[in-house]
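Everything below concerns the one structure shown next.
The values are calculated or read from the model by the stated rules, or taken from the named source; none is laboratory data. This structure is a prediction, so every number in the text was calculated from the model and none was measured. Every residue, glycine as well, gets a Cβ built from its backbone with ideal geometry; the counts of neighbours run over all protein chains shown. Note: accessible area is taken over every heavy atom of the protein model, side chains too, but ligands, DNA and RNA are not part of it. Shrake-Rupley method; radii C 1.70, N 1.55, O 1.52, S 1.80 Å.
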Amino acid sequence: MTTGPLAFGCWRFVQMSPAEARDRIETALVARMNLIDTADVYGLDWGGTGFGRAEELLGAVLADAPNLRDRIILATKGGITPPVPYDSGSDYLRSAVDESLRRLGTDMIDLYQIHRPDLFTHPEELATTLAALREQGKIREVGVSNFTLAQYDALTSYLPFPIATSQPQYSAVHLEPLRNGEFDRLMRDKVTPLAWSPLGGGALAHGEGTRAELVETLDRLAEREGTDRSAVALAFVLAHPSKPVAIIGTQNLDRIRAAVAALDVRLNRNDVYDIIEASEGVPLP
Ligand code: NAP
């Protein structure tokens, strides 16, 4: 299954009933978000009641509507172990995958991502663990998130198969992957970037804590394109030649539906460089 240009994120998939949760997943699918991104640790933030709760809620949705399982790319993550904070050791990760499978009520995770690098696991051990989990049919593809380029290189050098995705924070207010080598490496390796917090966690939508010049630039482009600021901000994420998939985080049904407007926004070179300059507050040399 090919990943759509937008994905649905479950970090804030808390404090709702299974029926409300199902509404969100079905609405996301209609809005062409077939990759559903969760994590074992989701459920601790945003008023959630604990580790694993977001996976459990998604599992309840899939149990209630089993036909959804084949229509989604089920992506989850492991390796954050509050309060340690990280563990990608073999014993831990094997049990974490088993627990995620149990909570999600599935026998295979389509994309298993290492949520944050564990500085004290050798990349060879991690690669061996991931390869074994894949061999056992528990995970289909492997991804990383929040890895430095060197950490990504070290892991991929030991993995006996290509990595599928890398998930950095990327938006008009968080531009690092453009210049820290991550997008370049992913283009070289033909790996899909999954951009987390593409609206800067909401800042680009409501404008609070965002440079006035950036808000004005996004609004000007939104007016030209006959859309809203959020759609332009998402279109900026999608515009990079590495073809990032934007993982949207809203849990509001209207806003999930509205996000597809980003696919119709046409940003030219002037537009994307205007956004970068407005974000950074300095002209490019
Ligand atoms: P985001 O899309 O940048 O921000 C979503 C937030 O913006 C929500 O609180 C949403 O509130 C708000 N928002 C959206 N449109 C709005 C509007 N028009 N007006 C006011 N508020 C608006 O994404 P995110 O939730 O920060 O992250 C998205 C996904 O990325 C997560 O679900 C997760 O899958 C992934 N993620 C990964 C990592 C990682 O370390 N790998 C870290 C963070 C996130 P409403 O719900 O009220 O619309």
Practice problem: Keeping to the range 152-179, report how many residues are among the polar types (S, T, N, Q) and surrounded by fewer than 18 Cβ atoms within 10 Å (Cβ to Cβ). | Solution: 2
Practice problem: Could you run through the range 9-43 and say how many residues are more than 21 Å from residue 79 (Cα to Cα) and under 17 Å from the mean Cα position of the chain (by Cα)? | Solution: 8
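Yes or no, residue by residue, for (1) within 29 Å of residue 152 (Cβ to Cβ); (2) of a type outside the set (A, V, I, L, M, F, W, C):
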residue	(1), (2)
25	no, no
33	yes, no
62	no, no
83	yes, yes
92	yes, yes
Quiz item: Can you name the residue in the range 143-179 that is among the β-branched types (Val, Ile, Thr) and within 16 Å of the ligand (Cβ to nearest atom) and, of all such residues, is farthest from residue 202 (Cα to Cα)?
Solution: 163
Quiz item: Out of all the residues in the range 73-130, which are of a type in the set (A, V, I, L, M, F, W, C), in a helix (DSSP H, G or I) and away from the ligand (no atom under 16 Å from the Cβ)?
Solution: 93, 97, 101, 126, 127, 130
Quiz item: Could you count how many residues in the range 90-121 are surrounded by fewer than 18 Cβ atoms within 10 Å (Cβ to Cβ) and among the small types (Gly, Ala, Ser)?
Solution: 3
Exercise. Consider only pairs whose beta carbons are under 8 Å apart and that are at least six residues apart or on different chains; among these, list those whose first residue lies in the range 115-132 and is among the small types (Gly, Ala, Ser) and whose second residue is surrounded by 20 or more Cβ atoms within 10 Å (Cβ to Cβ).
Key: 127/155
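Would you call residue 55 at pLDDT 95 or above and surrounded by fewer than 22 Cβ atoms within 10 Å (Cβ to Cβ)?
When the stated conditions are applied, residue 55 does not pass them.
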Quiz item: Of all the residues that make up the range 254-285, how many are within 15 Å of the ligand (Cβ to nearest atom), in contact with a Lys or Arg (Cβ under 7 Å, 6 or more places away or on another chain) and not β-branched (Val, Ile, Thr)?
Solution: 1
Practice problem: Could you check residue 83 against (1) farther than 30 Å from residue 262 by Cα; (2) in contact (Cβ under 8 Å) with a residue 40 or more places away in the chain and say which number it fails? | Solution: (2)
Practice problem: Would you check if there is a residue in the range 180-188 being crowded, with 20+ Cβ neighbours inside 10 Å, more than 8 Å from the ligand (Cβ to nearest atom), closer than 30 Å to residue 23 by Cα and under 16 Å from the mean Cα position of the chain (by Cα)? | Solution: no
Practice problem: Looking only at the range 190-208, decide whether some residue is in contact (Cβ under 8 Å) with a residue 24 or more places away in the chain and more than 19 Å from the chain's Cα centre (by Cα). | Solution: no
Practice problem: Might you let me know whether the range 34-52 holds any residue that is in a helix (DSSP H, G or I), within 22 Å of residue 139 (Cβ to Cβ) and either open to solvent by 50 Å² or more (accessible area, probe 1.4 Å) or modelled with pLDDT of 95 or more (or both)? | Solution: no
Quiz item: So which residues in the range 227-285 are of a type outside the set (D, E, K, R), open to solvent by 10 Å² or more (accessible area, probe 1.4 Å) and over 27 Å from residue 73 (Cβ atoms), if there are any at all?
Solution: 268, 270, 272, 273, 276, 279, 281, 282, 283, 284, 285
Quiz item: Of all the helices (runs of 4 or more DSSP H) wholly in the range 183-249, which have at least 3 residues that are at pLDDT 95 or above and more than 25 Å from residue 39 (Cβ to Cβ)?
Solution: 212-225, 229-238
Practice problem: Scan (1) of a type outside the set (Val, Ile, Thr); (2) touching a Pro at 6+ places or on another chain (Cβ under 9 Å); (3) open to solvent by 30 Å² or more (accessible area, probe 1.4 Å); (4) within 29 Å of residue 147 (Cα to Cα) for the single condition residue 79 breaks and write down its number. | Solution: (3)
